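Below is one structure, written out as structure tokens, with a few remarks after it.
What follows is calculated from the coordinates using simple rules that are stated; it is not laboratory data. These numbers were taken from a predicted model, which means no experiment stands behind them. For neighbour counting, all protein chains shown are included, and Cβ atoms are generated from backbone atoms with ideal geometry for every residue, glycine included.
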Ligand code: KG4
Ligand code: ZN
């Protein structure tokens, strides 16, 4: 009997019906890109309202596509942390209501852990133990993952997440939201050595923390000279934009690959699992592959469509179902990330 998984942590409303063997019976994602585009970023209030409009139709859609009746479900899983409070509340309220109406148990999913678990859907063997690396719009964190439920935080960004840096630099280059995929497409036409950008914290081999806000500011100064912030007034030549996109992307990816390698060295773990929106980036995927081959470490990266937010990665809920780890209907959201994972 499958589970229904719901995901509303940020700006995608998603649902999926997933069987015990992780077979996906139905899945859908309703993106809010159109809504947030003119603000160059997610507006939390608008995101919550859009989830409210979409949650019932999307659950209805996956239930119909899976040709299941509510009584066929084992449980209802929902991401309860971390994320935008209003967005999380819509998903949790919907899941609780369905649990009451359909008399099903609730499973609370950690969104960051689910991003790593998306790798399990690309691997026939268990991905545990592994070094888990989440590279998304909200998080850039390294974890020692002993099992699906036993995680230790090793380090991560001390300021912006890497996806956030991609998105902010994309705004400077006049690209649409969300900027990451647009920036990496533009970078294909640029020279990655055109601009000398910093690799913050990479030289520090004593810690696994990362930082992206200085890199983002360095881009700003190189583009404006004076640090002037009104990028809409800036008339940048197409080649300058492509060169900056390529140089920034290379610097950001150098930072990620470098710290992932240091974490492998320090932990002795023999498998690296990478998830989150930025893991869809082709240059990052290629560079991680080369680094892992060099170190004889196995690499699992979620399929690109399972890197960005989706409900299929809610398959991690099966691990909790198997341990009888259900949530009370009294459970609240947890907007911030608990460092322990
Ligand atoms: O995992 P995700 O969908 O949402 C969060 O949990 O944050 O990640 C979204 C982030 C955005 O910052 C987006 O620009 C970035 O992932 N992203 C990419 C690419 N595809 C998505 N960044 C770089 N290259 C890509 N191909
Ligand atoms: Zn996410």
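Under Stokes-Einstein, with the Kirkwood radius over Cα pairs standing in for Rh, what whole-number D in µm²/s applies to the range 119-306 at 10 °C and 1.306 mPa s?
Approximately 94 µm²/s, per Stokes-Einstein.
Once the piece of chain linking residue 196 and residue 23 is laid out straight, how much longer is it, given 0.36 nm per residue of separation minus the C-alpha distance between them?
Extending this stretch completely gives an extra 57.7 nm.
Testing the spin-label approximation: label points 7 Å from Cα along Cα→Cβ at residue 224 and residue 204. State their distance in nm.
About 2.6 nm, to one decimal.
If I model a spin label at residue 188 and residue 49 as a point 7 Å from the Cα along the Cα→Cβ vector, what separation in nanometres do I get?
It is 3.7 nm.
Give me the percent of DSSP beta bridges within the range 119-306 that run antiparallel, rounded to the nearest 5.
So the antiparallel bridges in the range 119-306 amount to around 55 percent.
Take the Cβ-Cβ distance between residue 35 and residue 295 as r, set R0 to 30 Å, and report the resulting FRET efficiency rounded to the nearest 0.05.
0.10
Is the range 230-341 rounded, prolate or oblate when judged by the Cα gyration tensor, a ≥ b ≥ c being the square roots of its eigenvalues, rounded requiring a/c under 1.5 and prolate requiring a/b larger than b/c?
oblate
For the range 106-220, what does the alpha-carbon gyration tensor say about shape, rounded, prolate or oblate, given a ≥ b ≥ c as the root eigenvalues, a/c under 1.5 as rounded, and a/b over b/c as prolate?
Since a/c reaches 1.5 and a/b is larger than b/c, the shape of the range 106-220 is classed as prolate.
If you take the Cα atoms of the chain, find Rg, then find the Kirkwood Rh from the mean of 1/r over all pairs, what is Rg/Rh?
0.98
Just for the chain, what percent of DSSP beta bridges are antiparallel, to the closest 5?
Restricted to the chain, the bridges split so that about 60 percent are antiparallel.
Can you bin the range 1-150 into rounded, prolate or oblate? Criterion: square roots of the alpha carbon gyration tensor eigenvalues sorted a ≥ b ≥ c, rounded for a/c under 1.5, prolate for a/b above b/c, oblate for the rest.
In terms of gyration-tensor shape, oblate.
Measuring from centroid to centroid over Cα atoms, what is the spacing of the range 237-255 and the range 26-58 in Å?
The two parts, judged by their Cα centres, are 29 Å apart.
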